[in-house]
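Notes to accompany the following structure.
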Amino acid sequence: MSAPVPNLERRALSGSFANVASIVAILLQNLALVPVLLHRWTPETYGIWITLLAVQSLLFTINYGQEAYVGYEAARLVHQDKAALPGLIGAGIFIGIVIIVFEVALVVGLGLTHFTGLFSVGPALDEGWKPLAVVIGCWGGFGSAANILIRVGYALGYYSRFTFLSVLYRVITAVAIGVAALLGGGLWSAALAYGVATLVTQALLMVSAIRVIRNYDIAVGRPRLGVVGGIVTKSAVISGTSLLDAFSNNGLLTIISSMLSPAVVPSFSTLRTIANTANQGVGIIMHPLDPDMIRYHAKKELVKLYEVFGVCWTVAGSVINFGICSLPLFIEPLYRAWTCGKLPFNFPLFSLLVVSVAVRTLGHPALAFLQATNDVSAQARISAARAVLVVSLSLVLIRPFGLVGVGSALVISEAIGAALLPIWHAMRAFSGGDIPFPVGRMLVAIVSVVLVGVTFAILCVRPDLKLVVCAASCSGVAALGIFQWSMLLGETRSRLLSLVPVPGLAR
């Protein structure tokens, strides 16, 4: 028996909607919980909670490598050797269970022995590690198996269904945490609510995934030692790269919590949430262009491939950088209202965080190209450079400069690891072509990023000039955007204008 697979157009359209819904759900989850938790908890308690979730995310990164590998293999075997799928699924589920047991044992061991090291949450360790073990254990009940089965569902053409179900999971768990806090609960209550909601929703996800794969006569097979060993070996690179990326993000929260205080973690976390909103916007704009990168690269159509780079720098650079330069005009009162007035607005830190996003935007098309063409070695070097730079520089700068030191480390690591290195690798990939890399377009994009940096540097010194500086910088970014637009081919401009629902605009 085989179930029908949605056609390509419907899957592409629904997949785009699903991605947007997922991003919106993540943003709402991060935005909506902040005032709820800060209304009921002290900044220190909320900081401990954020740190615990950061450690959870770091640990779950270990699972990601084998889950992603199983998903890639499932996508191949669906078309080449469907009979091998049951063994692959069984081995993936078995590995996931073993990893979860290891993670719970690690957290319990660190908590009982007080050997906190990298996972320290400060003086509240005794209160923190037990809720963390509960959350990880509840997720491990069905979560790991559900993720493996969902990956197989992706391979069968059900990406949008399971993405929307994952959105529902985020909404339910966020509501559970918020309700627990509003009812007067602390860390334990929030962890139990989160854990129970996770257990129930992941069970439902697993049941839904089992029903889908059964429609294709696919079952869960017994794990075989050879298959298990192959998955562990081949997924190690994915896990390692993902863990390095996780240290560049959630690892910073554990450093701040242990070297400063859990009470200052919310300031960094909330300001970075605002900055990352712009980063999510870049993803929405860029990801639909990935298939074009792969196609033009495979066909050696360098002119069209360079146009994709130009579109990325023009649209993302001008739109995102324009939005960043306008933020100082209104962000502080919104931030104070959002955080219930319990967190101070640290403008120098905010400046560094948004500048790091602008820098990352510069390198995004090159990084997307390396990912789309599956250049694993380049991606590994980039992730390693970012992680090593941000962690080592944060450890050096956090004592003398506090959160501003961490923000500075982030800007430097993004400039080297997320901009310079990806562009360098992309230029090397194009070095054998007859058409040179579009250095001119890249330099204009760099000027746009420099303008963002200068804007916030001036505002840190002269905040009284906010209106004048923001007006000048927004005008400058807009002018650069118009110049970048003029550098695109006429056909490219017409295709972009055709996406805007205004009759006759593309003529």
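The values are calculated or read from the model by the stated rules, or taken from the named source; none is laboratory data. Everything numeric here is computed off the predicted structure, so don't read it as measured data. Because the Cβ atoms are built from the backbone with ideal geometry, glycine has one as well, and the counts that use them run over all protein chains shown. Heads up: the accessible areas ignore ligands, DNA and RNA and are worked out on the full protein's heavy atoms, side chains in. Shrake-Rupley method; radii C 1.70, N 1.55, O 1.52, S 1.80 Å.
Note on region 70-99: residues that are open to solvent by 30 Å² or more (accessible area, probe 1.4 Å) and in a helix (DSSP H, G or I) amount to 14. May I ask you to say which residue of SER408, SER383 is modelled with pLDDT of 95 or more and of a type in the set (S, T, N, Q)? Exactly one of SER408, SER383 is modelled with pLDDT of 95 or more and of a type in the set (S, T, N, Q), namely SER408.
Candidates THR241, THR254: the one that is within 30 Å of LEU367 (Cβ to Cβ) and either open to solvent by less than 10 Å² (accessible area, probe 1.4 Å) or of a type in the set (Phe, Trp, Tyr) (or both) is THR254. Among the residues of region 212-251, those identified as closer than 17 Å to ALA146 by Cβ, touching a residue at least 60 places away in the same chain (Cβ under 8 Å) and assigned to a helix (DSSP H, G or I) are VAL212, ILE213. Annotation note: Cβ proximity below 8 Å between a residue of region 263-276 that is open to solvent by 20 Å² or more (accessible area, probe 1.4 Å) and a residue that is among the hydroxyl-bearing types (Ser, Thr, Tyr) (sequence gap 6+ or interchain) occurs for ALA263/THR42; ILE274/TYR335. Taking the criterion of being modelled with pLDDT under 60 and polar (S, T, N, Q), the residues of region 98-140 that qualify are THR116, SER120.
When restricted to residues that are under 21 Å from MET259 (Cα atoms) and in contact with a Phe, Trp or Tyr (Cβ under 6 Å, 6 or more places away or on another chain), region 346-390 contains 1. Evaluated against (1) in a helix (DSSP H, G or I); (2) of a type in the set (A, V, I, L, M); (3) modelled with pLDDT under 80, ALA32 falls short on exactly one condition, (3). In this structure, LYS300 qualifies as surrounded by fewer than 20 Cβ atoms within 10 Å (Cβ to Cβ), of a type outside the set (Asp, Glu), modelled with pLDDT under 80 and not in a helix (DSSP H, G or I).
Restricting region 448-480 to residues that are in a helix (DSSP H, G or I) and among the charged types (D, E, K, R) leaves a set whose member that is nearest to VAL411 (Cα to Cα) is LYS466.
Filtering region 431-441 for residues that are surrounded by 20 or more Cβ atoms within 10 Å (Cβ to Cβ), among the acidic types (Asp, Glu) and either within 15 Å of HIS364 (Cα to Cα) or in contact (Cβ under 8 Å) with a residue 60 or more places away in the chain (or both) leaves an empty set. Every test in (1) open to solvent by less than 30 Å² (accessible area, probe 1.4 Å); (2) touching a Leu at 6+ places or on another chain (Cβ under 9 Å); (3) closer than 24 Å to SER351 by Cα is passed by GLY453 save one, and that test is (2). Answer with yes or no whether ALA471 is open to solvent by less than 70 Å² (accessible area, probe 1.4 Å) and more than 18 Å from PHE247 (Cα to Cα). In short, yes. When region 29-48 is filtered for residues that are of a type in the set (A, V, I, L, M, F, W, C) and open to solvent by 10 Å² or more (accessible area, probe 1.4 Å), the ones remaining, listed by number, are LEU31, ALA32, LEU33, VAL36, TRP41.
Listed here are the residues, each with its yes/no results for (1) among the hydrophobic types (A, V, I, L, M, F, W, C); (2) open to solvent by 10 Å² or more (accessible area, probe 1.4 Å); (3) closer than 15 Å to ALA145 by Cα.
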| residue | (1), (2), (3) |
| --- | --- |
| LEU165 | yes, yes, no |
| ALA174 | yes, yes, no |
| ALA181 | yes, no, no |
| SER189 | no, yes, no |
| GLY195 | no, no, no |
| THR198 | no, no, yes |
| ILE210 | yes, yes, yes |
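Residue under question is SER16, and the condition is that it be in a helix (DSSP H, G or I), small (Gly, Ala, Ser), more than 25 Å from SER239 (Cβ to Cβ) and at pLDDT below 65; does it hold? Considered against the rule, which asks whether it is in a helix (DSSP H, G or I), small (Gly, Ala, Ser), more than 25 Å from SER239 (Cβ to Cβ) and at pLDDT below 65, SER16 comes out as yes. Among the residues making up region 46-76, those that are aliphatic (A, V, I, L, M) and farther than 30 Å from PRO262 by Cα are ALA68, VAL70, ALA74, ALA75. Scanning region 217-238 for residues being buried (at least 17 other Cβ atoms within 10 Å of the Cβ) and either of a type in the set (D, E, K, R) or more than 18 Å from TYR64 (Cβ to Cβ) (or both) gives a total of 5. Evaluating PHE483 against the criteria (1) surrounded by fewer than 16 Cβ atoms within 10 Å (Cβ to Cβ); (2) within 24 Å of LEU349 (Cα to Cα); (3) of a type in the set (Phe, Trp, Tyr) leaves one unmet condition, (2). Report, by residue number, each residue of region 135-159 that is β-branched (Val, Ile, Thr) and more than 18 Å from THR61 (Cα to Cα). Correct list: VAL152 only.
PRO333 - would you say it is open to solvent by less than 30 Å² (accessible area, probe 1.4 Å) and either of a type in the set (S, T, N, Q) or in a helix (DSSP H, G or I) (or both)? No.
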